[in-house]
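Participant: Dropping a structure here in structure tokens format, bear with me for questions.
The values are calculated or read from the model by the stated rules, or taken from the named source; none is laboratory data. Keep in mind the model is a prediction, meaning the values are calculated, not measured. Here the Cβ is made from the backbone with ideal geometry for all residues, glycine too, and neighbour counts use every protein chain on show. In case anyone asks, the SASA skips ligands and DNA or RNA and just uses the protein heavy atoms, side chains included. Shrake-Rupley method; radii C 1.70, N 1.55, O 1.52, S 1.80 Å.
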Amino acid sequence: MNPGSSETTLATSIFDIASSFCSIQDVDTLLTHITSAVERLTASEAASILLLDESKKQLVFRAATGEKGSAMKKFYVPVGKGIAGWVAEHGEAVIINDVQSDTRFTGQIDKSSGFSTRSIMAIPMKADGELIGVCEALNKVNGSYTEADRQILADLAKLAAATIVNAKRVEDHKNFFTHMIDLLTVAVEGVDSSLTGHSYRVAELSCQIGKAMGIEGASYRDLYYGAILHDLGRITIHDLRYLPNVLNQTIERTPEKLHPLVGSELVKDIRLLSSIAPIIRHHHEYVDGSGHPDGLVGEDIPLAARIICLAEHVDELHFGGVMAADYIQQARKLAEEGSGTKFDPEVVKVFLTVWGAPSA
Ligand SMILES: [Fe+2]
Ligand SMILES: [Fe+2]
């Protein structure tokens with residue numbers, strides 16, 4: 001490969017795009033990079049990526065360059081119609097250097113968009129053997145599209161397919177994670193009707209306090225998930241067969257004493273949640289060392305656990321009945337009375353600011 005050759009330029013472009021997988025999370029930005037590379041490296045006036053909507057049997061423009069690029073996203077091509085539709089239907093690449101002489105060219109998109117297609121090169125995009133879309137280059141600036149151009153388009157189409165598949169996997173993971181958290185929360189709250197809404201309220205108050213204390217990034221995420229799942233252990237306190245670390249401990253076998261230990265054991269091996277295991281384990285510790293399970297003192301207790309401890313006590317004022325008319329005063333009194341013994345005085349101070357005294 002000679003420096004400055006078209007092979008080197010292609011390799012550099014593909015390397016740049018592949019590198020950006022790590023830094024660019026947004027799939028549309030990545031696809032725009034890829035279509036720009038198609039346009040540049042095949043010396044075309046425009047390039048586009050169309051994704052298959054299987055349910056509607058049509059291709060939808062997802063990224064497009066060229067002067068009409070931004071307008072293209074509202075258009076779609078039925079599978080089997082036009083050149084992109086033919087490529088999708090047959091799963092074969094095409095090079096057409098004079099579209100007017102090709103009966104597959106309908107001109108529909110040109111009519112609607114104002115673009116004028118002279119030549120086109122299109123290739124199916126596949127993932128695991130299944131069609132996911134079509135990648136195309138339009139209007140070779142000088143001369144005709146060649147086999148070398150087709151190879152460039154094929155390489156970039158593979159990158160586009162990988163981008164789309166990767167984005168879908170990330171989406172699927174996010175979707176699974178979010179719904180699993182909801183499902184676990186429902187399971188916890190289903191143990192006892194007095195717990196209804198408890199997890200989300202504790203998370204909301206914990207995050208209010210955490211934000212006011214300047215907690216951010218990964219620590220803020222841990223605070224949120226730690227708070228949502230702080231009572232997770234309540235789902236299985238009567239069956240400890242699969243939790244030998246808890247089973248072998250000589251502690252009082254009450255739900256109150258067991259649930260922080262059980263909850264932390266349940267999440268500690270889940271990579272996305274392992275950082276909240278200590279938060280769950282210590283959310284019943286008190287700063288004077290009188291809490292459980294480890295009798296930790298002051299700052300030895302994770303900050304998130306100190307925040308959740310206060311939020312949990314505040315929310316437990318709801319238990320056993322409707323919210324009292326003087327709930328806020330009761331919560332403030334509870335926080336002030338426990339400051340320095342149960343609760344971290346700094347956390348109490350911030351809580352009293354966040355939940356200011358109601359005006360008389
Ligand atoms: Fe708890
Ligand atoms: Fe709780």
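Participant: Give the aspartates and glutamates reachable from Lys111 as a straight Cα distance under 16 Å; neighbours fewer than 8 places away on the same chain don't count.
Facilitator: Glu67
Participant: Moving to a separate point now. Anyone know which of Thr196, Thr103, Thr341 comes out most mobile in the 10 Å Cα GNM of the chain?
Facilitator: Per the Cα network of the chain with a 10 Å cutoff, Thr103 tops the list.
Participant: Something else about it: Report, to one decimal in Å, the Kirkwood hydrodynamic radius for the chain based on all distinct Cα pairs.
Facilitator: Computed over the chain, the radius equals 24.7 Å.
Participant: Carbon-plus-sulfur fraction of the accessible area of the range 191-354, 1.4 Å probe, in percent?
Facilitator: The nonpolar share, carbon plus sulfur, comes to 53 percent.
Participant: List residues of the range 131-149, by number, whose backbone nitrogen lies under 20 Å from a label position 7 Å along Cα→C-beta of Asn97.
Facilitator: The answer is 136-149.
Participant: Work through the residues other than Thr163 whose Cβ is under 12 Å from its Cβ and net out their charges, Lys, Arg +1 and Asp, Glu -1.
Facilitator: That works out to +2.
Participant: Within the range 208-313, list the GluC sites (Glu not before Pro) lying in a DSSP loop whose Cβ has at most 12 other Cβ atoms in a 10 Å radius.
Facilitator: When the GluC sites (Glu not before Pro) of the range 208-313 are filtered for loop state and at most 12 Cβ neighbours within 10 Å, Glu216, Glu252 remain.
Participant: In Å and whole numbers, how far do the C-alpha atoms of the range 6-169 stretch along each principal axis, longest first?
Facilitator: Taking max minus min along each principal axis of the Cα atoms, the range 6-169 gives 42, 39, 28 Å.
Participant: Something else about it: Tally Lys/Arg at +1 and Asp/Glu at -1 over every other residue whose Cβ is under 15 Å from the Cβ of His33; what's the total? Each step should come with its number before you reach the end.
Facilitator: Working: positive: Arg40, Arg62, Lys158; negative: Asp16, Asp26, Asp28, Glu39, Asp155.
With Lys, Arg at +1 and Asp, Glu at -1, the net is -2.
Participant: Continuing with the same structure: Note down the net charge around Ala127, summing +1 for each Lys or Arg and -1 for each Asp or Glu among other residues with Cβ under 10 Å from its Cβ.
Facilitator: So the surrounding residues net to +1.
Participant: Determine the gain in length on full extension of the stretch Ser144-Ala71; use 0.36 nm per residue of separation and subtract their C-alpha separation, reporting nm with one decimal.
Facilitator: Contour length minus Cα-Cα distance gives 23.7 nm.
Participant: Would you compute the Debye intensity of the range 191-354 from its alpha-carbon atoms alone, equal scatterers and no solvent, and pass along log10 I(q)/I(0) at q = 0.14, 0.16, 0.17, 0.19 Å⁻¹ to two decimals?
Facilitator: -0.68, -0.90, -1.01, -1.25
Participant: What aspartates and glutamates sit close enough to Lys73 to cross-link, taking a C-alpha to C-alpha distance under 19 Å and skipping anything fewer than 8 places away on the same chain?
Facilitator: Asp26, Asp28, Glu39, Glu45, Asp53, Glu54, Asp110, Glu136
Participant: Return the calculated 222 nm mean residue ellipticity for the chain, to the nearest 500 deg cm²/dmol, obtained by summing -39500 (n - 2.57) across DSSP H runs with n ≥ 4 and dividing by the residue count.
Facilitator: Counting only the DSSP helices, I get -15500 deg cm²/dmol.
Participant: Straight-line reach from Lys211: which lysines have a Cα under 18 Å away, not including same-chain ones fewer than 8 places off?
Facilitator: Partners found: Lys349.
Participant: Another one. Take Arg234, Arg150, Arg169 and sort them by solvent-accessible surface of the protein heavy atoms, 1.4 Å probe, largest at the top.
Facilitator: So the residues, ranked largest to smallest area, are Arg169, Arg150, Arg234.
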